[in-house]
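> Handing you this structure, nothing more for now.
The values are calculated or read from the model by the stated rules, or taken from the named source; none is laboratory data. Only a predicted model underlies this, so the values are computations on that prediction, with no experimental measurement involved. Cβ: placed from backbone, ideal geometry, glycine included. Neighbour counts: every protein chain shown. Note: areas computed on protein heavy atoms with side chains; ligands, DNA, RNA excluded. Shrake-Rupley method; radii C 1.70, N 1.55, O 1.52, S 1.80 Å.
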Amino acid sequence: MAGYDRLLRASNLDPLTVLSAAVPANETDRPVRLSLAEALAEPDRLRQRLVQEYPHTTEPRLQRAGLSVLHQDLALSAIAPLTLRLFRDGCTHLPDPSRIFLTPPSNANAPSRWLHLPAGNTVGVDEFVAETTGLLNSWYPVFRKSLGVSPGAYWSSVALALAAPFSAVWNLAEPPSVCTLAQAWLEQFDCDSHRYVDWIPATFNGQQCAIPQRRGCCLKYLLPEGGYCGTCGIYRKARMNAACRPSRGQGPEQWQPGQ
């Protein structure tokens with residue numbers, strides 16, 4: 001984390017300002033339907049909730065895609081904000097399955113989302129790394145064996161969440177250093193997250209950037225209105241080749257790492 005602070009200051013960035021802008025606003029008024037603790041204890045409840053809201057996901061391939069996208073949102077909605085606060089404040093809450101809730105979609109075309117309502121004491125870096133690693137490893141068998149989320153999808157979504165502070169400066173700080181520090185941070189977690197994302201320096205229309213590319217697909221593209229994530233690695237070679245060729249209408253603003 002000290003290296004992150006030095007990197008931002010060397011790039012004339014104020015860490016507090018950058019990270020405060022990246023931390024999502026607290027939402028406490030969204031209706032809740034199912035806690036993560038309940039879903040982990042009874043995975044079929046999560047599958048049933050998905051099918052109730054999206055009847056087309058009775059087809060196995062689409063159901064797996066829907067569950068994979070739900071897990072991606074879990075990582076980005078619950079884990080990423082905690083990591084951002086850890087880098088900003090030096091302490092943060094731990095993810096608490098009993099206080100992470102699935103909320104209904106905001107409209108007919110929107111997916112369900114997870115809401116984390118953290119409470120209790122905060123922890124420092126070492127405890128966050130150790131305890132969060134244990135939780136992520138304990139959740140994995142449920143999502144993998146009971147819900148069919150692939151290892152690549154699970155761990156690459158986790159990797160993006162844990163590296164959220166680096167995604168916040170993907171086009172602001174010196175790219176090779178962002179990539180090196182992001183990978184070193186992920187390797188502190190004793191899990192497979194660091195194996196399923198590559199941080200790649202790239203150039204878009206003359207602007208240098210640090211791009212995280214997933215090694216596992218969340219399958220979002222299979223769902224209606226799904227499309228490809230900004231970190232999709234399916235067409236990595238073609239995408240990275242295009243990154244080196246200036247073209248009209250293509251620029252860094254179209255890439256949103258961590259989404």
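> So which pairs qualify, if the first residue must be in the range 185-196 and under 12 Å from G216 (Cα atoms) and of a type in the set (S, T, Y), the second must be at pLDDT below 95 and part of a loop (DSSP other than H, G, I, E, B), the Cβ gap must be under 9 Å, and the two must be at least 6 apart or on different chains?
Going by the 9 Å Cβ cut-off, the qualifying pairs are Y196/R215; Y196/G216.
> Could you run through the range 1-22 and say how many residues are farther than 19 Å from V125 by Cβ, over 20 Å from the mean Cα position of the chain (by Cα), touching a residue at least 40 places away in the same chain (Cβ under 8 Å) and assigned to a helix (DSSP H, G or I)?
The total comes to 1.
> Test of understanding: among A25, A37, which residue is small (G, A, S), surrounded by fewer than 18 Cβ atoms within 10 Å (Cβ to Cβ) and within 17 Å of the chain's Cα centre (by Cα)?
That would be A25, the only listed residue that is small (G, A, S), surrounded by fewer than 18 Cβ atoms within 10 Å (Cβ to Cβ) and within 17 Å of the chain's Cα centre (by Cα).
> Which of the helices (runs of 4 or more DSSP H) found entirely inside the range 144-259 contain at least 1 residues meeting this: at pLDDT 90 or above? Steps first, answer last, please.
On the way: elements: 151-162, 164-167, 175-186, 236-243.
Here the list reads 151-162, 164-167, 175-186.
> With touching a strand residue (DSSP E or B) at 6+ places or on another chain (Cβ under 7 Å), among the small types (G, A, S) and open to solvent by 30 Å² or more (accessible area, probe 1.4 Å) as the only criterion, which of S112, S98 stands out?
The match here is S98.
> Examine the range 142-159 for a residue that is open to solvent by 10 Å² or more (accessible area, probe 1.4 Å) and free of Cβ contacts under 8 Å to residues at least 24 places away in the same chain, and state whether such a residue exists.
Yes; the residues of the range 142-159 include at least one that is open to solvent by 10 Å² or more (accessible area, probe 1.4 Å) and free of Cβ contacts under 8 Å to residues at least 24 places away in the same chain.
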